[in-house]
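A.B. asks: Would you mind keeping the following structure in view while I ask a few things?
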Amino acid sequence: MNIATSPDSVLGFALDAMQRTPDPRLRTVMDALTRHLHAFVQEVKLTEEEFEQALEFIVAIGHATGETKNEVVLAADILGVSTVVALQNNQDPHGESPAALLGPFWRANSPACAAGESIARSGTPGTPLAVTGTVRDVSGQPMAGVTVDVWQASPVGLYENQDPEQDDMNLRGRFTTDAEGRFHFRSVRPAGYPVPTDGPCGVLLRAQQRHPNRPAHLHFMLSKPGHKVLVTQVFADDDENLESDPTFGVTRQLIGRFALAPDGGSATLQYDFQLEPGEMKFPRPPIP
C-alpha cells in the first residue's frame, strides 16, 4: 500500500509515480531533482515556516518578471547556476570555457550595423571605446560571415531598457565578420553596475550580506550556420569586482585589456573568439 509513514518513505512513492514518464531525459532529470530536493529538505530539517517563505520567494520571482526585467534568470545568476550551466556545456580541451552566462538583458533582433559603426545612439556620454577582434574556427582559420551580436550597459551602469534617457536598442548591435574574420565597432566604455535589487533577489543578496555589483563588461553572442552559438562576456581588466562578481561569471579567459590612450580620452579593446562546429541554436530572449 502506497502510504507514507515517515519522511524517508515519501521519496520512493514519488519516484515510482514518475517512472511512466515517456521522455527518458525528462524522467532522468526529474528523478535526480526529486532525490536532491528530498535530501535537502531532510538535511536542513526545513521547517513549515521556512517552506512557506521559500514558496513565497518563488512566487515573488514570477511577479517581479516582466517586459523590462527577468527575475527568474537573475535568481539563477546570483545562485551561480547560470554560470555552472555555461561552463559545463562549453569547455575547451584544456577544461576552461570561452562562454559566460546570458544574463537577463539580452534582446533579440538588435540593429544590424555596418563595420565600424557606433552602437552609442543616444548621444551617450562616456569614454569612447573602439573594439576590434577576429573570429576563427577550431583549426585557427579566420571565419567570414559570423554574426557578432553585442550589448552592454551604459557608463552609468544601465541597459537601455532600464533607462528612459536612452533610445530603444541603444548600446546594442549586430556586426558581421569580413573575409579575414575581423569585426570592429565603436561604443563608450561600459561601467560596472548592480544587478537589480528591487525584487526578491535583492532581498536575498542583502540577507546574505553580498554586494550586487557586477564588474564592467561587454556581452557578445557569435553565430554562424553549422557552428555552435557562443554566448560570452569580456570583462574590464581594471575592475575592482573581478573576484567578487555576484553572478560568478568571471573567468581568466574572459578578462580583456581595456587600454586607455595616453591622454586618457579614449580606450580600446582587442579580443578574439573561436567558434566550434555544432548546431546554431539561440537562447530564448529573457526580455522582448
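A.B. asks: List the residues whose amide H sits under 5 Å from the amide H of G192, counting only those 5 or more places along or on another chain, with H placed 1.01 Å from N in the peptide plane.
C.D. replies: A216
A.B. asks: While we're on this one: Please work out the Kirkwood hydrodynamic radius for the range 140-288, using every pair of different C-alpha atoms, and report it in angstroms with one decimal place.
C.D. replies: Details: mean 1/r = 0.0590 Å⁻¹.
Taking the inverse mean of 1/r over all distinct Cα pairs, the range 140-288 comes out at 17.0 Å.
A.B. asks: Using Rg and Dmax of the Cα atoms in Å as the read-out, say which of (1) 18.9, 59; (2) 17.7, 53; (3) 21.8, 80 was calculated from these coordinates.
C.D. replies: Calculated Rg and Dmax of the Cα atoms in Å: the matching label is (3).
A.B. asks: So how do T147, T268 rank on accessible area, 1.4 Å probe, biggest first, that is with the largest at the start?
C.D. replies: Numbers: T147 45, T268 70 Å².
Descending order: T268, T147.
A.B. asks: Something else about it: At a 1.4 Å probe radius, which order do H184, H38 fall into by accessible area, largest first?
C.D. replies: On the way: H184 90, H38 50 Å².
Result of the area sort, largest leading: H184, H38.
A.B. asks: Checking the cross-link filter: which lysines have an alpha carbon closer than 26 Å to that of K281, excluding same-chain neighbours under 8 positions apart?
C.D. replies: Straight-distance partners of K281: K69, K224, K228.
A.B. asks: Given P190, A144, F220, which one lies farthest toward the positive end of the charge dipole of the chain, if we put +1 on the Cβ of every Lys and Arg and -1 on the Cβ of every Asp and Glu?
C.D. replies: A144
A.B. asks: If I ignore ligands, DNA and RNA and count only protein heavy atoms, how much of E52 is accessible to a 1.4 Å probe, in Å² to the nearest 10?
C.D. replies: 110
A.B. asks: Using only the heavy atoms of the protein chains and a 1.4 Å probe, how would T68, T251 rank by accessible area, largest first?
C.D. replies: On the way: T68 80, T251 35 Å².
Descending order: T68, T251.
A.B. asks: How much accessible area does F248 have with a 1.4 Å probe, in Å² rounded to the nearest 10?
C.D. replies: Accessible area, nearest 10 Å²: 110 Å².
A.B. asks: Given R₀ = 30 Å, FRET efficiency for K45-R252 by Cβ-Cβ distance, to 0.05? Walk me through the intermediate numbers first.
C.D. replies: Details: r = 39 Å, r/R0 = 1.31.
In this case the efficiency is close to 0.15.
The values are calculated or read from the model by the stated rules, or taken from the named source; none is laboratory data. Note that the structure is a prediction, hence the values are computed from the model and not measured. Cβ sites come from the backbone with ideal geometry, for glycine too, and all protein chains shown count toward neighbours. Side chains are part of the model used for accessible areas, which takes the heavy atoms of the whole protein and leaves out ligands, DNA and RNA. Shrake-Rupley method; radii C 1.70, N 1.55, O 1.52, S 1.80 Å.
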